[in-house]
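> First the structure, then my questions, so here it is.
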Amino acid sequence: MLGKVRKIQVEVQPHNVIGDPSSLVFRSEHLSAYAARVVHGSVPALAWRVEIGGKSIVFSGDTNGEGTGLVQLAKDADIFIAHNAVPEGATGVERRLHMPPFRHWTDRRRGARQATRVISPDAPYIR
């Protein structure tokens, strides 16, 4: 049993997000959020980087892993959370829309430093 549910009031503030190549979307005293456009076929999609307490977390969003936006956004991240919707070896429309595990993190030619931790349904802990 979860116990009592406490209601809180939240004020939602919409923001226009450009995402080129990693745009500051929000900044407060303790938190910054950046977004970058990622490739997901013809469907608009964003990856996110949240910085708080001297640490950074990057969320890949729904992407096929192509392009440079995600690599730039994830550079030197402490944690990278990948949305890997297809297994390695996937083909067809599934592969054109979705990133298999480790796409950017094993391709050193892209120049991205490996994130300290990659969290993905198919990914083991890596350092």
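> Do any trypsin sites (Lys or Arg not before Pro) in region 2-88 lie in a DSSP loop with no more than 14 other beta carbon atoms within 10 Å, and if so, which?
Sites meeting the loop and neighbour criteria: 4, 6, 7.
> Under the Karplus relation 6.51 cos²θ - 1.76 cosθ + 1.60, θ = phi - 60°, what is the ordered set of whole-Hz ³J(HN,Hα) values for region 6-12, x standing for Gly and Pro?
For region 6-12, the Karplus-derived couplings read 9, 7, 10, 9, 10, 9, 8 Hz, x marking Gly and Pro.
Computed from the coordinates by the stated procedures, all read-outs in this text should not be read as laboratory data. The structure presented is a predicted model; accordingly, all values stated were derived computationally and were not measured. When we count neighbours, we look across all protein chains shown, and the Cβ atoms used for this are built from the backbone with ideal geometry, even at glycine.
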